[in-house]
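Okay, structure first, notes after.
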Amino acid sequence: MPNDPLWLSGSLPQLDVSLTTKPAHLFNDPGASSYVNTTGNPTIPPASLLEVMQDHADRPAADLNLACWDTTTRSFVAVSYAKLVRQAYGFGQRLIDHGLQSQSVCMIACHSPHSTLVAFYGAISAGLIPMIFPMPKALGSHDALTQRIQHWSTRFQLPTALVLEEGLDEKFHGDVPESVEVLRVPGTMDESSWSLIDTPATNNTPLADDFAFFQTTSSSTGDHKAVAISHGNVISNVTGIKTAVTMSDNERMISWLPLFHDMGLVGAVLFSFCNRYPLFLMTPVQFVKRPALWLKGMSEHRCTIATAPNFGYDYCARLVSDKDAAALDLHCVKHLFIGAEPIRVSTIQSFVEKFRDAGISESKMRPAYGLAESTIITSISLPAKPAKFICFNAEAMGLGEPVVESGQIAYDAEALRTAEPQAGIVVSTAGAPIEGMQVDLVDENGNSVAGEGVAGEIVLTGPSVAIGYVGDKDQLVNPFEHGRMHTGDMGVLLEGELYIIERIKNIIIRSGENYLVSAVEQKIADLLGTSHEHIAVFETDIHDPDSDIVVLVERHDTLSDSEVTNLLARFPQEGHPVKRLLFSRAREIARTTSGKKRHFYCRNLYRNKTLNFHQSIEISPEKIVSAIAELEAQGSSGKTEA
């Protein structure tokens, strides 16, 4: 399954349904190999991440560094990019010494961000393909990580490597297949623990179209997928972001986003590394424990750029104390990127108001749109045109159908500060495509929609679109056909702006976990002893992270109280997001002419109270536990009577 889409936003200069920003450079075109940087001087863009690494090694600068938060010293501990590259070269030599070949996959499962990045860059320097995994805490269990390691270690023809930290003995370590070459790295930034060399271990010279790394998805459904990202994808994306919002050559960034996620790896780490920006890096756990540390780091180190999902800004607004907020000076901040989930009016309201005196304003918020399959960012909000929210009528919504607007309000409008929740779907604008990216809107048959104001599926092409999904031994990567990526997201253009309205690809996101709808439908079908064809799972409101997840079951009789108790007792207590079961007559699930389920139409019917069902059963951990206890009590009573 694809990574979560980034529900971000901004403005689009064209009014056509096919939107493109022409590239300033084409990586495989020698005649177009230069571009003008923000100082006005022509430069030659690097063709690969290895060239960026070599540039840092050749042009060391003490103030260009990666600084990681140390919980022991309660400070950021820095290593220069030049030294980080030399550490990576040293690790790359170890990979070669262990017999790993070019194009072998190097899996990385480390807690330390510094260790993770040394292994990541080291693999690239040796011609291997790095792949960063979430750790057990992020996945929910050691078993989940074990499954990923076992899945990917047997997927390729060439032997795979696995990088772990020294001194740690974790449960999943004992389940690593014997065929995997395991290498241990220090879990510390202490320079004496690392081997440094001045040049790459091989003469590997990757081209722009060569694999740079495999980006794993965050799916919790067992549907293991990864996206193949090329060197050219990365360079195009990170330079495109910089150009889109007219950044200088002297920005500073801070991030707490996980490195296994594209938003953290590309949107923060590689963006800073390739653009020669210092980066201050925390872990998600450090942020969750004390969100004020992120803002304090931003203030003390005069960071100008930060990025986070809607959750991060909302979390800060709620949990950073007034005392901590009063001590901040955030006037240095220029760009606050927001994404990874739908943007809420209440979040913009509360975050800006909480930190307005510190220097935050609505004009600094940079909503944008993207996903892992487009490396990270597809489009982004432009500083010259403030973002805005538009409210759409939920009843008039579908692919190839006109949308109905019922109101709009700009981010920086005084009225936003006191805006009340609106009926309908409130959506933030989406931004202009970055360099070279084209956004098309198509209907259910793949035909371009007719003009503005008509909803369609967003289809992407351009130099940031990934090569394809990672395959197996028979075919390492399954490329996107004609370089076109069907996002599965529904969007619409109004007055030249793109709005991400609906997620039509069947993924449900809850508490940072992704659930593939088809997998949930199959689990419910197995539980009920029916076909998955008669089951549709949908969110009641994709813009509300706390909305119910509903399962509509066709052709199912009404259950008695005792049958409901038995069903609840057999329901899994964990690993699913379902909150309600609805039993209906036949042919109640909305479908296309070809018979495909139209989950978003089911949602609209439910929201409009026009969905026909004859029984509704609430699902919750408490009700499941109660049902189990009731059956156990009945069993004990039965035994006593006997």
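The values are calculated or read from the model by the stated rules, or taken from the named source; none is laboratory data. Remember, it's a predicted structure, so these values are computed and weren't measured experimentally. FYI the Cβ positions are ideal-geometry reconstructions off the backbone, even for glycines, and counts take in every protein chain you see. Note: areas computed on protein heavy atoms with side chains; ligands, DNA, RNA excluded. Shrake-Rupley method; radii C 1.70, N 1.55, O 1.52, S 1.80 Å.
Output yes when any residue across the stretch 408-423 is open to solvent by 10 Å² or more (accessible area, probe 1.4 Å) and under 30 Å from residue 224 (Cα atoms), and no when none is.
Within the stretch 408-423 (the criterion being open to solvent by 10 Å² or more (accessible area, probe 1.4 Å) and under 30 Å from residue 224 (Cα atoms)), the answer is no, since none of the residues qualifies.
What is the residue count in the stretch 191-209 for residues that are open to solvent by less than 80 Å² (accessible area, probe 1.4 Å) and assigned to a loop (DSSP other than H, G, I, E, B)?
10
Within the stretch 568-588, how many residues are under 18 Å from residue 613 (Cα atoms) and surrounded by 13 or more Cβ atoms within 10 Å (Cβ to Cβ)?
8
Across the stretch 433-458, which residue is surrounded by the most Cβ atoms within 10 Å (Cβ to Cβ) among those that are of a type in the set (A, V, I, L, M) and out of contact with any helix residue (DSSP H, G or I) (no Cβ under 9 Å at 6 or more places or on another chain)?
Only one residue tops the list, namely 439.
Anything in the stretch 523-539 that is open to solvent by 20 Å² or more (accessible area, probe 1.4 Å) and outside any helix (DSSP H, G or I)? List them, or say none.
529, 530, 531
Which residue out of 448, 406 is hydroxyl-bearing (Ser, Thr, Tyr) and either assigned by TED's automatic domain parsing to the domain that holds residue 213 or more than 20 Å from residue 483 (Cα to Cα) (or both)?
When all the criteria are applied, what remains is 406.
Where the second residue is among the basic types (Lys, Arg) and in a strand (DSSP E or B) and the first is within 20 Å of residue 386 (Cα to Cα) and lies in the stretch 396-410, which pairs have Cβ atoms under 8 Å and are six or more apart or on separate chains?
If the second residue must be among the basic types (Lys, Arg) and in a strand (DSSP E or B), the pairs left are 408/388; 409/388; 410/388.
Just to be sure before I move on: is residue 384 over 28 Å from residue 544 (Cβ atoms) and either touching a Lys or Arg at 6+ places or on another chain (Cβ under 9 Å) or modelled with pLDDT under 90 (or both) in the structure I sent?
When the stated conditions are applied, residue 384 passes them.
Please work out if residue 352 is surrounded by 18 or more Cβ atoms within 10 Å (Cβ to Cβ) and either of a type in the set (Asp, Glu) or in a strand (DSSP E or B) (or both).
Taking the combined requirement at face value, the residue does not satisfy it.
Scan 487, 461 and give me the residue that is at pLDDT 90 or above and surrounded by fewer than 22 Cβ atoms within 10 Å (Cβ to Cβ).
Just a single option satisfies the conditions, and that option is 461.
Taking the stretch 168-180 on its own, how many of its residues are out of contact with any Ser or Thr (no Cβ under 7 Å at 6 or more places or on another chain) and within 23 Å of residue 96 (Cα to Cα)?
The qualifying residues number 3.
For residue 46, indicate whether it is surrounded by fewer than 17 Cβ atoms within 10 Å (Cβ to Cβ), at pLDDT below 95 and either under 23 Å from the mean Cα position of the chain (by Cα) or under 30 Å from residue 369 (Cα atoms) (or both).
The answer is no for residue 46.
Is it fair to say residue 565 is part of a strand (DSSP E or B), touching a helix residue (DSSP H, G or I) at 6+ places or on another chain (Cβ under 8 Å) and either touching a residue at least 60 places away in the same chain (Cβ under 8 Å) or open to solvent by 10 Å² or more (accessible area, probe 1.4 Å) (or both)?
No: the conditions fail for residue 565.
I'm checking my understanding of the structure. Among residues of the stretch 539-580 that are in contact with a His (Cβ under 7 Å, 6 or more places away or on another chain) and charged (D, E, K, R), which one is nearest to residue 503 (Cα to Cα)?
This residue is 554.
So residue 237 ticks every box in (1) open to solvent by 40 Å² or more (accessible area, probe 1.4 Å); (2) of a type outside the set (A, V, I, L, M, F, W, C); (3) not in a loop (DSSP other than H, G, I, E, B) but one. Which box is left unticked?
Checking residue 237 against (1) open to solvent by 40 Å² or more (accessible area, probe 1.4 Å); (2) of a type outside the set (A, V, I, L, M, F, W, C); (3) not in a loop (DSSP other than H, G, I, E, B), the one that fails is (1).
Any residue in the stretch 514-538 that is in the same structural domain as residue 589 (by TED's automatic domain parsing) and touching a residue at least 40 places away in the same chain (Cβ under 8 Å) sitting within a Cβ distance under 6 Å of a residue that is assigned to a strand (DSSP E or B) and not β-branched (Val, Ile, Thr)? List the pairs, counting only those 6 or more apart or interchain.
Listed pairs, sorted by first residue: 514/219; 536/552; 536/597.
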